[in-house]
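Comments concern the structure below.
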Amino acid sequence: MIKSLKARHSQLADVGYELKILSQKTPTGFEPDAFSSKLRESNLFPLQPTKIDTLQINVGKMCNQTCKHCHVDAGPDRKEIMTRETMQQCLDVIQNNSFTTVDMTGGAPEMNPNFRWFVEEIRAISKEIKIIVRCNLTIIVANPSYHDLPDFFKKHNVEVVSSLPYFSAMRTDAQRGEGVFEKSIRALKMLNDVGYGKEGTGLILDLVYNPSGAFLPGNQESLEFEFKKKLKEPFGISFNKLFAITNLPISRFLDYLISSGNYDGYMEKLIASYNPVAAEGVMCRNMISVGWDGHLYDCDFNQMLEMKVETPGQHIAQWNNNDLHRREIQVNQHCFGCTAGAGSSCGGATTS
Amino acid sequence: MKTYYNPEDLKKFGNIGEFQKKLADKFFDYYGETFKEGALTAREKSLIALAVAHTIQCPYCIDAYTVDTMEKGCDEQQMMEAVHVAAAIRSGASLVHGVQMMNKYKELSM
């Protein structure tokens with residue numbers, strides 16, 4: 001298994017270095033403030049929140065996989081995980097606000113030893129709130145202590161959003177590691193078996209498609225149609241929706257782009273595909289992202305670039321609704337990933 | 001090194017309107033309309049375009065429709081099968097003329 005950029009002491013593990021690359025003018029000529037300029041043209045600068053209805057919580061960078069495109073630089077060698085104390089601070093904020101969605105991500109969120117307690121506590125606060133777990137699937141079959149995760153998710157009505165870059169082993173394993181496809185199929189069957197992704201159960205299983213390489217995702221509906229067909233026929237697997245997500249040029253995907261000589265071409269493509277309608281609907285306008293140590297960010301990508309929210313209090317313990325609603329969202333060139341084509345967010349395309 | 005083909009030129013395709021705007025506009029309208037979802041899906045059309053690109057051996061088209069089919073979720077096997085369809089039709093077109101050769105052969109033989 002490959003190591004994280006951090007464990008490899010890669011220059012790209014240094015956020016300052018990443019931002020330097022993203023701010024450089026490329027040979028094809030994009031300017032350091034290209035994204036802000038585009039927003040200005042669309043009358044969206046400075047970018048501000050619409051409503052904050054989603055709290056996305058990254059409970060840690062520890063993961064059983066080391067996917068080549070991971071923007072978190074997650075992996076088994078990453079030890080940063082959220083403490084119970086920070087989770088309690090999140091619970092206090094959830095209690096005192098009216099979020100519609102709590103979206104848990106990582107790493108593999110389930111590897112946080114307090115994960116189950118955290119889910120139970122969130123559900124205890126509200127029966128209605130949508131709890132999402134971004135599950136990498138293989139964790140369910142990683143060892144026997146995780147085999148009952150589908151039942152646990154079902155018991156607490158947790159929506160499962162899982163990455164599956166392709167409906168074949170070759171392309172899935174190329175991105176996510178040897179054997180990942182086979183394990184993912186087994187895990188999907190286990191989720192289906194308890195009712196996830198099945199009509200009439202109300203148990204939601206959505207899949208995330210992101211391209212295995214330096215190209216953009218195509219039409220989300222067509223991809224969903226194709227995935228449904230290809231997973232149904234040989235494997236008997238069903239799921240609800242497919243979210244097509246664009247890979248953003250940060251962390252390990254940036255490493256891939258640079259080492260494969262695709263960086264300039266990819267950035268050029270993202271910029272050429274800028275869609276003002278997608279810009280209007282970017283996810284950072286209705287969410288706050290919480291890091292493993294409790295710091296607040298505009299989104300999970302800004303979190304990985306350590307670009308904290310621009311408010312006086314930058315920690316979950318200092319949550320201030322007024323400040324957060326009035327803040328200016330931090331942007332850089334990586335943001336072109338969310339505004340390309342049909343738009344991209346943790347919930348897939350942002351335009352129809 | 002000077003070559004007849006420059007990958008950068010693909011991005012300038014739209015510039016053909018500089019010399020004849022009306023016809024270029026008509027062409028690009030038609031082109032855009034052709035590749036929309038219709039009785040055939042955009043994905044199917046893209047695979048056909050990839051196969052045709054190999055038949056006419058246009059490097060720009062091969063480049064463009066490799067990317068396009070990948071974006072539309074086609075995998076390497078499907079893409080190569082499309083190229084084989086092009087190749088099969090091309091070789092078939094030669095081979096079917098073998099009948100003409102056989103006809104002539106038989107006509108001239110005792």
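Shielding value for A:313-326 is 0, the average number of Cβ atoms from other chains within 10 Å of each residue's Cβ. Shielding value for B:68-80 is 5, the average number of Cβ atoms from other chains within 10 Å of each residue's Cβ. Counts of other chain beta carbons within 10 angstrom of each beta carbon in peptide A:222-232 average 2. A simple spin-label model places pseudo-atoms 7 Å from Cα toward Cβ; at residue A:129 and residue B:93 they are separated by 6.5 nm.
What dipole magnitude, in Debye to the nearest 20, does chain B give about its Cα centre under +1 on Lys/Arg Cβ and -1 on Asp/Glu Cβ?
Result for chain B is approximately 460 debye, rounded to the nearest 20.
Relative contact order, whole percent, for chain A stands at 22, derived from Cα pairs under 8 Å and 6 or more residues apart. Angle of helix B:21-34 to the longest C-alpha principal axis of chain B, folded into 0 to 90 degrees and rounded to 10: 70°.
Here's the picture: charge each Lys and Arg Cβ at +1 and each Asp and Glu Cβ at -1 in the stretch A:1-100, and of A:94, A:72, A:4 the one pushed furthest to the positive end of that dipole is A:4. Compared with the dominant Cα axis of chain B, that is its longest principal axis, helix B:98-108 is turned about 30°.
Between residue B:55 and residue B:42, the simple spin-label model (points 7 angstrom out along Cα→Cβ) gives 2.4 nm. Return, ordered by residue number, the residues of the stretch A:257-272 whose backbone nitrogen is under 17 Å from a label point located 7 Å along Cα→Cβ of residue A:25. Within reach of a label on residue A:25: A:264, A:268.
If you take the Cα centroid of the stretch A:150-175 and the Cα centroid of the stretch A:69-112, the two points sit 18 Å apart. To the nearest 0.05, what FRET efficiency results for residue A:156 and residue B:4 with a Förster distance of 60 Å applied to their C-beta separation? The value I calculate is 0.40. Shown here is the pair-distance distribution of the stretch B:1-87: with all Cα-Cα distances grouped in 10 Å bins from zero up to the longest one, the shares run 16, 41, 34, 9, 0 percent.
Below 13 angstrom from the Cβ of residue A:174, what's the summed charge of the other residues (Lys, Arg +1; Asp, Glu -1)?
-1
For the stretch A:197-243, state which GluC sites (Glu not before Pro) are in a DSSP loop and have at most 11 other beta carbons lying within 10 Å of their beta carbon. Here the sparse-neighbourhood loop sites are A:199. Compared with the dominant Cα axis of chain B, that is its longest principal axis, helix B:59-71 is turned about 70°. Which residue, A:169, A:299, A:246, has the largest displacement toward the positive end of the dipole of chain A when charges sit on each Cβ (Lys, Arg +1; Asp, Glu -1)? Of the listed residues, the answer is A:169. Taking amide H positions as modeled 1.01 Å from N, with prolines and chain starts lacking one, the residues under 5 Å from residue A:57 and 5 or more places away or on another chain are A:103, A:104, A:105, A:290.
Rounded to the nearest 20 debye, the dipole magnitude of chain A is 560 debye, with +1 charges on Lys and Arg beta carbons, -1 on Asp and Glu beta carbons, and the Cα centre as origin.
Per-residue 3J(HN,Hα) values for the stretch A:255-271, derived from phi via the Karplus relation 6.51 cos²θ - 1.76 cosθ + 1.60 with θ = phi - 60°, read 4, 4, 4, 5, 5, 8, x, 9, 4, 4, x, 5, 4, 4, 5, 4, 5 Hz in sequence order (x marks Gly and Pro). Taking B:70, B:110, A:304 and ordering them by how much accessible surface each has at a 1.4 Å probe, largest first, produces B:110, B:70, A:304.
Note on residue A:116 and residue A:321: with the Förster distance fixed at 30 Å, the Cβ-Cβ geometry gives a FRET efficiency of about 0.55. Let me have the relative contact order for the stretch B:40-108, percent, based on Cα pairs under 8 Å that are six or more residues apart. Here the relative contact order equals 34 percent.
In Å², nearest 100, what accessible area do chains B and A bury in total when the solvent probe is 1.4 Å? Interface area, both chains combined: 1100 Å², rounded to the nearest 100.
Using a probe of 1.4 angstrom and keeping all protein chains present, the accessible surface of the stretch B:40-108 works out to 62 square angstrom per residue.
Of the two radii for the protein assembly as shown, the radius of gyration is 1.03 times the Kirkwood radius, both from the alpha carbons; that is the Rg over Rh value.
Simple rule: put +1 on each Lys or Arg Cβ and -1 on each Asp or Glu Cβ in the stretch B:40-108, find the dipole, and look at B:91, B:101, B:61; the Cα lying farthest toward the positive end is B:101. Let's test the formula: R0 of 30 Å, r as the Cβ-Cβ distance of residue A:143 and residue A:230. What FRET efficiency results, to the nearest 0.05? According to the calculation, E is roughly 0.55.
The values are calculated or read from the model by the stated rules, or taken from the named source; none is laboratory data. As the structure is a prediction and not an experimental result, all values here were calculated from the model. Glycine also receives a Cβ, built like all others from the backbone with ideal geometry; neighbour counts cover every protein chain displayed. Areas reflect the complete protein model, heavy atoms only, side chains present, ligands, DNA and RNA absent. Shrake-Rupley method; radii C 1.70, N 1.55, O 1.52, S 1.80 Å.
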